[in-house]
Amino acid sequence: MNQKPIPTYSYRRGFFWLFIFFVLALIPLFIGYGWNLPDYRGFWEELGLSMGFVGLGLFAVQFLFSGRIRQVAPAFGVDNIVQFHKEMGVIALLFGMAHPVILIAVDSSYWGFFDPRVNLPRALALGAASVGMMLLLVTSLWRSLVGLSYEWWRLLHGLLGSLILFVGIVHALQVGHYLNDWLKMLLFGGYLGGFLYLFVHSRVVRPFQNSKHPYAIDEVIPEKDDCYTLRLKPCTGERLHYEPGQFLWITIQSSPFSMQQHPFSFSSSPLEPLIAITAKRLGDFTRDWIHLKPGQTAFIEGPYGSFTLKDRPCFLVMGGIGVTPAISILKTLAIRQDTRRCILIYGNESWNKIPFRQELAELERLLHLQIVHVLQEPDQAWQGERGLIDERLIGKNLPEDTHAFDYFICGPEPMMDVAERTLRNQGIPWKQIYAERFDLA
Ligand SMILES: Cc1cc2nc3c(=O)[nH]c(=O)nc-3n(C[C@H](O)[C@H](O)[C@H](O)COP(=O)(O)OP(=O)(O)OC[C@H]3O[C@@H](n4cnc5c(N)ncnc54)[C@H](O)[C@@H]3O)c2cc1C
């Protein structure tokens with residue numbers, strides 16, 4: 001069965017999903033204040049209480065992101081979704097923290113909720129959730145500064161998030177001030193419980209489903225600049241369908257439940273029989289690729305992402321190993337004998353460290369493709385572009401008919417920032433700019 005093509009970005013789809021997001025986030029408030037209202041307690045107390053409902057609703061909807069919902073990516077792109085998740089997550093936590101702060105400021109008897117002498121389990125749960133909110137905030141905003149590895153951060157992020165949501169649901173039901181009839185309680189608990197299930201689904205149910213479709217490593221190919229390509233074939237059944245430029249999540253030599261699940265763009269074309277991914281040796285996961293052997297098992301999940309080939313000519317700004325999605329796109333064009341115009345600005349340290357250098361030369365021969373190599377530390381004989389990819393260099397290589405192209409950017413953060421800014425300054429509509437950041441956290 002073929003996958004449906006990924007649609008282009010559009011305002012209509014974007015606004016539709018934003019509307020859905022805020023409606024979903026406000027549903028707990030609607031349930032609380034919808035009917036059967038208790039006596040009014042004054043502005044500040046009501047504000048403090050509604051902060052709790054809104055905070056919990058906003059927080060629950062963040063679980064849509066842990067569920068890796070594929071339908072949302074084409075509206076915004078994975079990068080923007082991750083950014084949105086970060087910002088809305090912080091806002092949800094601030095609402096959640098404001099809830100007890102305002103209530104205690106209005107009436108100090110609310111301290112009783114945290115008093116172990118009044119109710120030990122309740123005080124422990126609310127205390128843990130409050131500390132959890134602060135930990136979540138600190139580790140989400142400053143993961144690298146606090147020296148947390150990505151794997152531990154991901155585990156902690158999921159566990160803290162689930163704990164806070166669970167305690168929030170139980171707390172609201174126990175207080176029962178607004179949730180004062182069985183229908184409200186049922187709707188509230190069932191609705192928010194559904195978001196908790198999304199976490200269980202993405203961390204337990206989906207890996208279990210993936211465990212039934214293992215892949216085997218077919219070949220490990222060393223590339224330039226300490227990069228390795230893994231070719232993967234399905235052990236049973238059909239190979240995963242994907243679009244050129246998308247990415248997958250993979251665990252290798254362990255179970256699909258492993259904490260070591262990492263995202264990689266396809267470096268193969270979907271029109272090739274095997275799946276390929278290529279990584280630069282970096283940390284504890286990619287460092288071991290050099291020792292992998294054919295026949296070893298891998299579990300993959302996907303495809304994800306909207307960084308995909310559309311109908312227009314392509315202008316690609318890539319840096320280092322960020323070239324992988326471009327390789328998938330260009331290989332696909334070559335296999336399809338599609339001669340649309342493509343321009344690739346490709347930054348690397350030196351000529352000998354250009355991943356896929358030979359393949360790119362071959363693709364340049366087969367396609368209507370112009371490659372501009374930009375070297376940071378070229379040798380003296382180098383006649384081409386040197387330094388970093390910057391505004392001047394991108395501007396110089398832009399086609400005359402800028403609006404006819406789709407723009408793809410993938411590489412180191414500073415390069416991506418400069419490329420995005422330059423293209424926007426040149427008046428290219430955001431809907432034609434696709435960016436893939438390899439650093440999700
Ligand atoms: C959509 C996407 C596509 C990617 N495609 C490629 C690719 O084609 N080739 C390539 O070399 N790299 C790619 N990456 C980056 C790759 O996922 C990380 O470099 C890899 O996970 C590093 O793991 P490590 O343990 O070897 O290194 P570490 O030193 O542990 O990690 C280095 C950095 O990579 C990031 N990272 C680590 N683990 C994960 C994880 N599980 N999920 C997300 N980010 C993580 C963190 O920011 C971390 O600081 C992609 C990332 C994303 C988000």
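The values are calculated or read from the model by the stated rules, or taken from the named source; none is laboratory data. Being a predicted model, the structure only gives us computed values, none of them experimental. Positions of Cβ are backbone-derived with ideal geometry, glycine not excepted, and every protein chain shown enters the neighbour counts. Remember, those area values only see protein heavy atoms, side chains included, never the ligands or the DNA or RNA. Shrake-Rupley method; radii C 1.70, N 1.55, O 1.52, S 1.80 Å.
Scanning segment 287-304 for residues that are free of Cβ contacts under 8 Å to residues at least 40 places away in the same chain and within 8 Å of the ligand (Cβ to nearest atom) yields one hit, ARG287. Per the conditions (1) within 16 Å of the ligand (Cβ to nearest atom); (2) open to solvent by less than 40 Å² (accessible area, probe 1.4 Å); (3) out of contact with any Gly (no Cβ under 7 Å at 6 or more places or on another chain), the sole criterion not satisfied by SER140 is (3). When we screen SER255, SER265 for residues that are polar (S, T, N, Q) and closer than 22 Å to GLY305 by Cβ, the only hit is SER265. Of all residue pairs spaced 6 or more apart or on separate chains, those with beta-carbon atoms under 9 Å, a first member in segment 418-441 that is farther than 15 Å from VAL317 by Cα and a second member that is within 16 Å of the ligand (Cβ to nearest atom) and small (Gly, Ala, Ser) are ALA441/SER140; ALA441/SER144.
One residue alone among ASP225, ASP218 is within 13 Å of the ligand (Cβ to nearest atom) and closer than 24 Å to LYS331 by Cβ, and that residue is ASP225. Considering every residue within segment 172-193, establish whether at least one is assigned to a loop (DSSP other than H, G, I, E, B) and free of Cβ contacts under 8 Å to residues at least 60 places away in the same chain. Scanning segment 172-193 turns up at least one residue that is assigned to a loop (DSSP other than H, G, I, E, B) and free of Cβ contacts under 8 Å to residues at least 60 places away in the same chain.
Would you say SER269 is outside any strand (DSSP E or B) and open to solvent by less than 30 Å² (accessible area, probe 1.4 Å)? Here the answer is yes, as SER269 does meet what is asked.
One residue stands out in segment 406-440 among those that are open to solvent by less than 50 Å² (accessible area, probe 1.4 Å) and more than 29 Å from SER350 (Cβ to Cβ): the one that is farthest from the ligand (Cβ to nearest atom), namely GLY427.
Per-residue answers, yes or no, for (1) open to solvent by 60 Å² or more (accessible area, probe 1.4 Å); (2) more than 16 Å from the ligand (Cβ to nearest atom):
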position: GLU151; (1), (2): no, no
position: GLY161; (1), (2): no, yes
position: PHE188; (1), (2): no, yes
position: LEU196; (1), (2): no, yes
position: LEU230; (1), (2): no, no
position: GLU238; (1), (2): yes, yes
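The residues on offer are PHE65, PHE19, PHE43, PHE15, and the sole one that is of a type in the set (Phe, Trp, Tyr) and either modelled with pLDDT of 95 or more or touching an Asp or Glu at 6+ places or on another chain (Cβ under 7 Å) (or both) is PHE43.
Where strands (runs of 3 or more DSSP E) sit wholly within segment 278-355, those with at least 2 residues that are surrounded by fewer than 23 Cβ atoms within 10 Å (Cβ to Cβ) and assigned by TED's automatic domain parsing to the domain that holds PRO263 occupy 297-304.
Answer with yes or no whether PRO263 is within 11 Å of the ligand (Cβ to nearest atom), open to solvent by less than 50 Å² (accessible area, probe 1.4 Å) and outside the structural domain of VAL200 (by TED's automatic domain parsing). For PRO263, the condition - within 11 Å of the ligand (Cβ to nearest atom), open to solvent by less than 50 Å² (accessible area, probe 1.4 Å) and outside the structural domain of VAL200 (by TED's automatic domain parsing) - is met. Can you spot a residue in segment 252-264 that is modelled with pLDDT of 95 or more and in contact with a Lys or Arg (Cβ under 7 Å, 6 or more places away or on another chain)? Within segment 252-264, not a single residue is modelled with pLDDT of 95 or more and in contact with a Lys or Arg (Cβ under 7 Å, 6 or more places away or on another chain). Taken over segment 336-386, residues that are among the aliphatic types (A, V, I, L, M), at pLDDT 95 or above and farther than 23 Å from ASP311 by Cα amount to 4. Residue-level check: of (1) at pLDDT 95 or above; (2) assigned to a strand (DSSP E or B), TRP249 misses just (1). Can you confirm whether SER255 is buried (at least 16 other Cβ atoms within 10 Å of the Cβ) and not aliphatic (A, V, I, L, M)? Criteria not met by SER255. Among the residues of segment 200-228, those identified as in a loop (DSSP other than H, G, I, E, B), open to solvent by less than 70 Å² (accessible area, probe 1.4 Å) and under 26 Å from GLU151 (Cα atoms) are PRO214, ASP225.
Applying the set (1) outside the structural domain of SER254 (by TED's automatic domain parsing); (2) under 30 Å from LEU292 (Cβ atoms); (3) open to solvent by 50 Å² or more (accessible area, probe 1.4 Å) to VAL175 leaves exactly one unmet item: (2). When you check ARG281 against the structure, is it more than 12 Å from the ligand (Cβ to nearest atom) and in contact with a helix residue (DSSP H, G or I) (Cβ under 7 Å, 6 or more places away or on another chain), yes or no? So ARG281 fails the test. Scanning segment 26-53 for residues that are without any contact (Cβ under 8 Å) to a residue 60 or more places away in the chain and assigned to a helix (DSSP H, G or I) gives LEU26, LEU29, PHE30, PHE43, GLU46, LEU47, GLY48, SER50, MET51. Within segment 358-384, residues that are under 19 Å from ARG340 (Cβ atoms) sit with their Cβ atoms under 8 Å from residues that are surrounded by 13 or more Cβ atoms within 10 Å (Cβ to Cβ) and small (Gly, Ala, Ser), at 6+ positions apart or across chains, in these pairs: LEU363/ALA334; LEU366/ALA334; LEU367/ALA334.
Evaluate segment 79-86: report whether one residue or more is of a type in the set (D, E, K, R), in contact with a strand residue (DSSP E or B) (Cβ under 8 Å, 6 or more places away or on another chain) and within 16 Å of the ligand (Cβ to nearest atom). Checking segment 79-86: at least one residue is of a type in the set (D, E, K, R), in contact with a strand residue (DSSP E or B) (Cβ under 8 Å, 6 or more places away or on another chain) and within 16 Å of the ligand (Cβ to nearest atom).
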